[in-house]
Amino acid sequence: QVQLVESGGGLVQAGGSLRLSCAASGSIFSINAMGWYRQAPGKQRELVARITSGGSTNYADSVKGRFTISRDNAKNTVYLEMNSLKPEDTAVYYCMFNLRRLEYVMSYNYWGQGTQVTVSS
């Protein structure tokens, strides 16, 4: 079993900041990439930010310069620092870990339960 637990969502005014966290636990052998995705009502889930095991990052154009993704390998945790938030950032945010479990040879994607971020204008 692998569990991903997210925290840090909430309601914030435009221009404000939030920090999301996602911690993985369970029968983990290794973690490859970690990422944050979001899904707004009526829209498809989209990539927000991604970080590889080596620390390379990539961001959606809409969040570049405002959001920062980071990871703590010792804690199996990924973070998303969100600054200068806009109403269009309102969505449910999901973390995703590409990891290999102790029981398997292959790596798979595992998802958090989602956390709501609402930005008021």
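The values are calculated or read from the model by the stated rules, or taken from the named source; none is laboratory data. Remember, predicted model here, so these are calculated numbers, not experimental data. With ideal geometry, Cβ positions are generated from the backbone for all residues, glycine too; neighbour counts draw on all protein chains shown. We work out accessible area using only protein heavy atoms, side chains counted, and drop any ligands, DNA or RNA first. Shrake-Rupley method; radii C 1.70, N 1.55, O 1.52, S 1.80 Å.
Take MET96 and tell me if it is open to solvent by 80 Å² or more (accessible area, probe 1.4 Å) and either under 25 Å from GLN1 (Cα atoms) or aliphatic (A, V, I, L, M) (or both). Here the answer is no, as MET96 does not meet what is asked.
Filter the range 95-114 down to residues that are touching a residue at least 40 places away in the same chain (Cβ under 8 Å), outside any strand (DSSP E or B) and either farther than 14 Å from GLY26 by Cα or acidic (Asp, Glu) (or both), then give me how many there are. Residues in the range 95-114 being touching a residue at least 40 places away in the same chain (Cβ under 8 Å), outside any strand (DSSP E or B) and either farther than 14 Å from GLY26 by Cα or acidic (Asp, Glu) (or both): 3 in total. The listed residues are SER21, SER70, and the only one of them that is touching a Phe, Trp or Tyr at 6+ places or on another chain (Cβ under 7 Å), of a type in the set (S, T, N, Q), surrounded by 13 or more Cβ atoms within 10 Å (Cβ to Cβ) and within 21 Å of THR118 (Cβ to Cβ) turns out to be SER21. On inspection, LEU4 fails the criterion of being of a type in the set (A, V, I, L, M), touching a residue at least 40 places away in the same chain (Cβ under 8 Å) and assigned to a loop (DSSP other than H, G, I, E, B). Might you let me know whether the range 54-67 holds any residue that is under 21 Å from GLN113 (Cβ atoms) and charged (D, E, K, R)? Within the range 54-67, not a single residue is under 21 Å from GLN113 (Cβ atoms) and charged (D, E, K, R).
Looking for something within 30 Å of SER121 (Cβ to Cβ), in contact with a Lys or Arg (Cβ under 8 Å, 6 or more places away or on another chain) and of a type in the set (Val, Ile, Thr) - is there at least one such residue anywhere in the range 69-88? Taking every residue of the range 69-88 in turn, at least one turns out to be within 30 Å of SER121 (Cβ to Cβ), in contact with a Lys or Arg (Cβ under 8 Å, 6 or more places away or on another chain) and of a type in the set (Val, Ile, Thr).
Pairs linking a residue in the range 44-64 that is under 12 Å from ASN32 (Cβ atoms) to a residue that is open to solvent by 60 Å² or more (accessible area, probe 1.4 Å), with Cβ atoms under 7 Å and 6 or more positions apart or on different chains, are ARG50/THR57; ARG50/ASN58; ILE51/THR57.
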